[in-house]
1. Which value, in nm² and rounded to one decimal, describes the direction-averaged projected area of the C-alpha convex hull of the range A:1-155?
2. Specify the longest stretch of chain B that does not include any exposed loop site, a site being one of the GluC sites (Glu not before Pro) with a non-H, G, I, E, B DSSP assignment and at most 16 other Cβ atoms within 10 Å.
3. What residues have an amide H closer than 5 Å to that of B:ARG66, excluding those fewer than 5 places away on the same chain, when H is modeled at 1.01 Å from N in the peptide plane?
4. Any chance you could run the full-extension gain for B:ASP161 through B:ASP65? It's 0.36 nm times the residue separation minus the Cα-Cα distance, nm to one decimal.
5. Say R0 is 35 Å: what FRET efficiency, to the nearest 0.05, do A:ARG94 and A:PHE36 get from their beta-carbon distance?
6. If you take each beta carbon of peptide A:260-266 and count the beta carbons of other chains within 10 angstrom, what is the mean?
7. What does the structure give for B:88-94 when I average, per residue, the other chain Cβ atoms found within 10 Å of the residue Cβ?
8. Calculate one ³J(HN,Hα) per residue across the range B:178-187 by plugging θ = phi - 60° into the Karplus curve 6.51 cos²θ - 1.76 cosθ + 1.60, and present them in order as whole Hz with x for glycine and proline.
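Here, each number is a calculation from the coordinates, and none is a lab measurement. The structure displayed is predicted, hence computed values, not measured ones. Methodologically, a virtual Cβ is constructed for each residue, glycine included, from the backbone with ideal geometry; neighbour enumeration extends over all protein chains shown.
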Amino acid sequence: MLTPLIAMVRKDLQLFFSDRRSVIVSFFVPIAIASFFGSIFSGPSKNSEAARIAVMVVDHDDSAISKAIVASAQGDKNFKVTIADDEAARDSVRRGKTSVAVVLPKGFGEKSGAAFFGNGEKPELQTWYDPSRATELAMVRGIMTEHVMQAVSREMFGGAQGRAYLEKSIPQVEASTMNAQQKALLLELLRSVNGYYDAGGSGGTGRSGGLSMPYTVKEEAVTAGSNVAYNGYAHSFAGMGIQFLLFAMANLGVEMLLERQRGLWKRLRSAPVSRQTLLLGKGISGAIISLLILAVSFVFAMIVFGVRVDGGWAGFIGVAVACSIMASAFGILVAALGNTPATARGVTTLAVLMMVMLGGAWVPTFIFPAWLQQFTLIVPVRWAVDGLDAMTWRGIGSSGAIAPILVLLAFAAAFSAVAALRFRWEES
Amino acid sequence: MSWEDSCSDMAILDVTHLRKSFGPLTAVDDVSFGLESGQLVGLLGPNGAGKTTTVSMIAGLVTPDRGEVLVAGRPLAGDTDPAKRRIGLVPQDLALYEELSARDNLRFFGALYGLSGAPLEKSIGQALDLVGLSDRARDAVKVFSGGMKRRMNLAAGILHDPDILLLDEPTVGVDPQSRNAIFDNLEVLKARGKALLYTTHYMEEAERLADRIVIIDHGRVIADDTLAGLERSAAVAGAPITLESVFLTLTGRSLRD
């Protein structure tokens, strides 16, 4: 049994490597695509800045407060601010060149100051936004809130507009008919602020910085160890590697159908070789090719992009081997269920694309709806990607590989069982 | 000549009462004949007569519904029966790996029969010598002409030195030179004592090569005799007798598509 088995494996490897197109598609294309996706998922590198959100500001007010808001926004590292008029701002948003335009209407500074103490009409801060970039609108809204609050409060507690407002408000409060106790308290507050101005709180180096966020955020990426850093390339190389090894194995199945069409299976079946040996030979050669694809992808990712196996080499190799066996069994399933090479190629391309899309090979599964995240547990690619992620950037120990390995081997067993049952052995 | 007559003690291959149906279609129905060492039997029949199905059952590619195939008096028992080593198949298709060299193709097919090392290399050399492709051993099959591929197809079938060679239309689509070369190869094999079963549509091939001719139609054997015997049985006073006229007399003139 061993001589024919080794011959089967060697022949399939020879055929694979003799086809330059297969080699390029299987080894180099996933590296190119994974590098591209990795550069996106990894975020900015140490040497490059994060992409800024393009924001246009239209200042109809031209008050101290509106100018302060514009200046503050211009200094924000998240924004790339351009000053524009109405027409230019609308046109830029419509063309998709700018995500959001913020319009400060006339009287914004005065009204916002009056509204700051609660009894004035609130002015409207208008935004025009690109509907395809609603996420950026939410970010702009949040960041602008901080800038507006800071600019208004700084002016009201330290600027000329705030002082004028107070001087106007104190006689109005004195003349008002409000409850005597409340009136006394409010006047005390306003006079205290006035006293603050008189004491120099409004000028020089003592100028108020305005209201600011009452906290700072300390962010920590949580992985299995303090020395384990997130590397987006690890995920993208896992995803693309799996995608292309599945394509390679689907092609293996189609090649088996072509072998049948070309009469080669007649030769194989006429030899004194068992059916198990014939399928096992295909399975082993497929698994070796799959493993090579993953190995080449990850070696490249390790050398060029610094991807590390932080979860344990035993687990990583275990997941890679289980994944390769699953993919190889998938290829034989294609040969068992396919009628003709042409139809099998079409159906399996669709099946592979669905599996990699649902399995999180392209985009992480957490962006899926909850029900879909549960559903994708029946997709082997999900387990392969999760397993490789766990062994690389998540840095989970080899114990984290056990479940993915077992599930992938179960898929391989199921694919093999169906393939063995449905394989057409009769060669007429 | 009856089947009992053709199944002598000398027969290395006995086909007995083979039957095979595919759904409602009975492709082969009670086919029996024998084949002796050093003998070439031509298996003739119109399209769809059951020739290829018969050859497939002998080669173990299709399981008969009934009947059996005896190799040297023993029935074939399953896929891994060592007796399968005594049978070589030259299928109608060019069953070769185009991307591999002639030598690598033969290395692979030889290994399927358990050959390895020096014996395998020796067999490869002998097979390539016989079909005249020794000087092209390193070339990929895809660069071969149609005739060279046909000869390679034959080399792959005889590589393991089988006693019985099943040839399913081995000269389809080749030029007269290559066909003649294949005929010469078959004559050599016959002289070495191999038993050859040769299916063809070409009457002149059967006339040149066959020691005995089995004509099959609608899945049944309708004639089994030497060329001379067939011609005698179909002789009509004054009319010239050829194998083709015998064949048309037996199978009719209606088209078989």
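1. On the way: hull surface 63.8 nm².
Across all orientations, the range A:1-155 yields a mean hull projection of 16.0 nm².
2. B:100-257
3. Under 5 Å from the amide H of B:ARG66 lie the amide H atoms of B:ARG19, each far enough along the sequence or on another chain.
4. Once the chain is fully extended between B:ASP161 and B:ASP65, it gains 31.6 nm.
5. Values: r = 29 Å, r/R0 = 0.84.
Efficiency, rounded to the nearest 0.05: 0.75.
6. 6
7. Taking the mean over all residues of the peptide, I get 5.
8. 5, 4, 4, 5, 5, 4, 4, 4, 5, 4
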